[in-house]
Each structure stands twice: as C-alpha cells, then as structure tokens.
Amino acid sequence: MQARSSSPPPLKRVRRTASPSSSVDNANGHASSSARPSSSSGHQHQQQPQHNLQPLSLSILGVEPLDEFIKEVADFVHHMIVTRPEHHANGKVEVEAKIGVLRDRMSGQRLALPVLVETILAPNGTDSRFESNMSVHQHKHYNNLLNGLKTASSQPSHIGSPLDYNHLHLVDSFYPSPEGGDRDKIRVTRDDKTGTVLECMRKVRLGDLNIYSPKREADWRVSVNLEVPMSHPIGTPTLTRRKDRLSYSHEEFKIDLTQVISTTSPNAPPQTLHELEIEIARPDLLLATAIKRGDPNVSEHERSAFDELIRAFVNNARILVRNASEGWQ
C-alpha cells in the first residue's frame, strides 16, 4: 500500500537538546566523550557512532493510540447519560469521583487483586464495597495540599488557571420519598448560618465504576447520578447531615473536602466522616459535549470535547489519589 503524497509527515515527539554544560559534565559528574581531548597520535580520528536518540514518531501510523483507560471511563459516563430515564428529563446529571478504599466484604480488609497498576473493575466482578471515609490525618493532609495550591495559584508568577476557594456550612435533611425506598429519599439542603433553602432534590443513582490502585494508599470511584428537583416535603426528616465543606474550583471542575456529622435521631450518637470528591462543575456543558461526541457533522474539536473533558476529570482524580498520604482509615 502506497502512502498518499498529500498526507502530512508523521508527528514526532520533540526531545530536549543537551544544555551547553552537558558537553563538559554528564549526569554522573564525568566528562562526556565530546569534551575529552583527541588522541595525540598522528592517526586520523575515527568516526564515533551516534548514541543520541532522535525525535520519534508517535507510532508507525503517526498517531498516538487512544488511552484505553480514559476511553473506558468516557464510554461508561457517556452510556449513563444517553440511557438515563426519560421520565427524569428535568434531572441534572452529576458526574463525580470519590476518593476512598475498596474493601473485601468478608474480611473488611483493603481489596488485594493480582494486578500491578491502576485497574478499572468490572461491575459486580468482585465481592467488595467502596468506603469513601478517610482519617482526620488524611483530611488535614488534603486541606494543606489544596490550600497550598490555592496560595500558589494566586501569585503573579503563577502559570495556569487559578484555584478558587469557598468555605461552606450546610445542613442536609433527608425525607422519605413518595415513591419509597432508601435510595429515593428527598434531600433538602440549607445554609447552616441563615437557614436559607439552597436545594431540594432527589438523587437517582445511574451507575458506578470502581478503580483499584494497588500502588497507592487509596482507590477511587466514578459515579453518575441524576439530581431531580422536588418540592419541599412535609414531615420529619429521617436523617440530618451537617457539612463543613472546603470547596475548591479549577476550570471545569469542583473539588470538595468535607467533614460530615450525621445524626439519625435526637438520642443517637453522631457519626463523623471525612470525604474528598471531584465533580464536573457544569452539567449543561457535560450534556452539550456528550451529544456531539463522535458526530461527523461537527468539527473535530466539538466531537472530541467530551473525551477531553473526561480526560482532564480522570487526570485530576488520579492526582488526588497519588497524593494520598499513609494512614488511610
């Protein structure tokens, strides 16, 4: 098969050239061959073989193969969006990744699988549960990390998008849904200081994707949900959660570090949890890009925007997981 003459040359990765000082000292502190004096004999200096790696093509086709991991996450999220229930058309699509630990249901210990690197688990492929609660030590660690990023991004010398910050005090009250079921509770969110109702909705779970990270202190889970607006329920809440939330925003994403205090009744002891999650901030953008994914009638930029959004989402989740410190709950 002959190559088309009109095709552009294959793309190549540009390699960094050696700095001027590298001609004198190499990484081991020794003089490099180019800096050594030539032989004092009268014989002609022989040509030495070149060992410098030249720029390489991305592949034999001149393109970089699509990352299967990111494509799997993108395919999962896209499938959840396009197959969501029609009777919840007014629901807002929520895509989030929670940081936590996958535990064996029988032993309660962290999952141990015969894999070496980060792996997406097949749904119902393991008898495990995902636990998003972290220790107070981890909470403080992430707080310091995110505050440091916020401070650094505020400096005039910072290159890149800034990290914004908001401290929220919220109260979630859960009421039985007319449709019944523990997963169908109506959630009313209020500002803890003013009592103003901020949101009243029912969360419909569409699907979860668990990611096991054997080289890290934590795993993570991608969840897709629908947040369906509801009218304020009548009656007494069955569960109340007070949330002290540090909310950081960066480009199209929101990172929430939250301390949650839950109470099921006035006489029940409160339960304190610490959670970290990242969420795609604009559901309208998510839906707009999902609709155009792979559409041949739009530009390449438009039809690949959804995968680009998911790629950045996955990268941010990975950064959070890889910065987990020891001592997970």
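The values are calculated or read from the model by the stated rules, or taken from the named source; none is laboratory data. The structure presented is a predicted model; accordingly, all values stated were derived computationally and were not measured. Positions of Cβ are generated from backbone atoms using ideal geometry, with glycine treated the same way; all protein chains shown enter the neighbour counts. Side chains are part of the model used for accessible areas, which takes the heavy atoms of the whole protein and leaves out ligands, DNA and RNA. Shrake-Rupley method; radii C 1.70, N 1.55, O 1.52, S 1.80 Å.
Table for the structure above
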{"quantity": "Where a residue in the stretch 63-87 is on the phi < 0 side of the Ramachandran plot and among the basic types (Lys, Arg) and its partner, wherever it lies, is surrounded by 14 or more Cβ atoms within 10 Å (Cβ to Cβ) and assigned to a helix (DSSP H, G or I), with Cβ under 9 Å and at least six apart", "calculated": "LYS71/ASP307; LYS71/ILE310"}
{"quantity": "In the stretch 129-168, the residues that are over 23 Å from ARG221 (Cβ atoms), hydroxyl-bearing (Ser, Thr, Tyr) and outside any helix (DSSP H, G or I)", "calculated": "SER154, SER157, SER161, TYR165"}
{"quantity": "Looking only at the stretch 87-100, and only at residues there that are under 19 Å from ARG293 (Cβ atoms) and among the β-branched types (Val, Ile, Thr), the one that is surrounded by the fewest Cβ atoms within 10 Å (Cβ to Cβ)", "calculated": "VAL93"}
{"quantity": "Residues that are at pLDDT below 90, among the hydroxyl-bearing types (Ser, Thr, Tyr) and open to solvent by 70 Å² or more (accessible area, probe 1.4 Å), drawn from the stretch 35-86", "calculated": "SER38, SER39, SER40"}
{"quantity": "Tally of residues being free of Cβ contacts under 8 Å to residues at least 24 places away in the same chain and touching a Cys at 6+ places or on another chain (Cβ under 7 Å) across the stretch 169-225", "calculated": "0"}
{"quantity": "Some residue of the stretch 74-92 being touching a helix residue (DSSP H, G or I) at 6+ places or on another chain (Cβ under 8 Å) and within 30 Å of GLN138 (Cα to Cα)", "calculated": "yes"}
{"quantity": "Qualifying residues in the stretch 296-329 (those that are among the small types (Gly, Ala, Ser) and within 18 Å of VAL77 (Cβ to Cβ)) - the one least open to solvent (accessible area, probe 1.4 Å)", "calculated": "ALA317"}
{"quantity": "Condition check for VAL101: β-branched (Val, Ile, Thr) and in a strand (DSSP E or B)", "calculated": "yes"}
